[in-house]
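Have a look at the structure below before the remarks.
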Amino acid sequence: MERIPLVLESDDKEIILVTHDECIFYSNDRKRGVWTKSGELLLRKKGNGRSTMVSEFLLEKCGQLKLNSQQIQENLSISQQACIYLQLGKNQDGSNHTAFKSNTLVASRMNLKPGGKQSKMKGINFGPNNQYQSMINDDGKPKGMKQILIERGLWRNSLSADCKLCKDKILDITQTDCCAHRIISL
């Protein structure tokens, strides 16, 4: 089958389908049933133990998403076939979906007000102009969600840190400005 070239108008954008697959391997993976002598019990560790997630992204145009030659040269410590890089054993609870470095911007780890127990998160680029925003105040304390939203022009006096839907982890795609956590997470 021959690929038909895409013709786009000046304000059109190409939409590229990216599929994602992942598999998690746990250190205590095993069969549930075992054969033992009568009256003997097999002692097993509780829980799944540490895990390693293997994650892959596939694109129709180029197949497996992987580092290009320039990225390989810039990141010699990462495997050439890497699609995602995780450090083994960094996440003790076994769930790689929560394995973020302490300075990664994660809305659910932020306070409404500055300082407190939240970690110092690294700055980010956001918005259509790719504008840089620091997550740390001039005094060295982490900014709160309120200050970040004020700087972006998105703060409303009625906003709370979390709304009931977000606290209960009920995803409603129509809710885009229900609380500070939701606005920052988008």
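The values are calculated or read from the model by the stated rules, or taken from the named source; none is laboratory data. All of these numbers come straight from a predicted model, not from anything done at the bench. Note: ideal-geometry Cβ built from the backbone for every residue, glycine included; neighbour counts use all protein chains shown.
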### Query
Taking region 21-78 as the search range and keeping residues that are more than 30 Å from Arg3 (Cβ to Cβ) and among the small types (Gly, Ala, Ser), which one is modelled with the lowest pLDDT?
Ser77
### Query
Residue check: is Ser185 of a type in the set (Gly, Ala, Ser) and within 13 Å of Met110 (Cβ to Cβ)?
yes
### Task
Check Asn91, Asn157, Asn103 and return the single one that is part of a loop (DSSP other than H, G, I, E, B) and at pLDDT 85 or above.
Asn157
## Note on the structure
The number of residues in region 3-20 that are exposed (fewer than 10 other Cβ atoms within 10 Å of the Cβ), without any contact (Cβ under 8 Å) to a residue 40 or more places away in the chain and not charged (D, E, K, R) is 7
### Task
Being farther than 21 Å from Cys179 by Cα and surrounded by 13 or more Cβ atoms within 10 Å (Cβ to Cβ) is the filter here, so list the residues in region 137-163 that pass it.
Asn137, Lys141
### Query
Does Glu40 fit the bill of being among the acidic types (Asp, Glu) and either part of a helix (DSSP H, G or I) or surrounded by 10 or more Cβ atoms within 10 Å (Cβ to Cβ) (or both)?
no
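For region 120-144, name all the residues that are of a type in the set (A, V, I, L, M) and either modelled with pLDDT of 90 or more or part of a loop (DSSP other than H, G, I, E, B) (or both). Before you say what the answer is, go through the steps one by one.
Step one: filter region 120-144 for residues of a type in the set (A, V, I, L, M), giving 121, 124, 135-136.
Matches in region 120-144: Met121, Met135.
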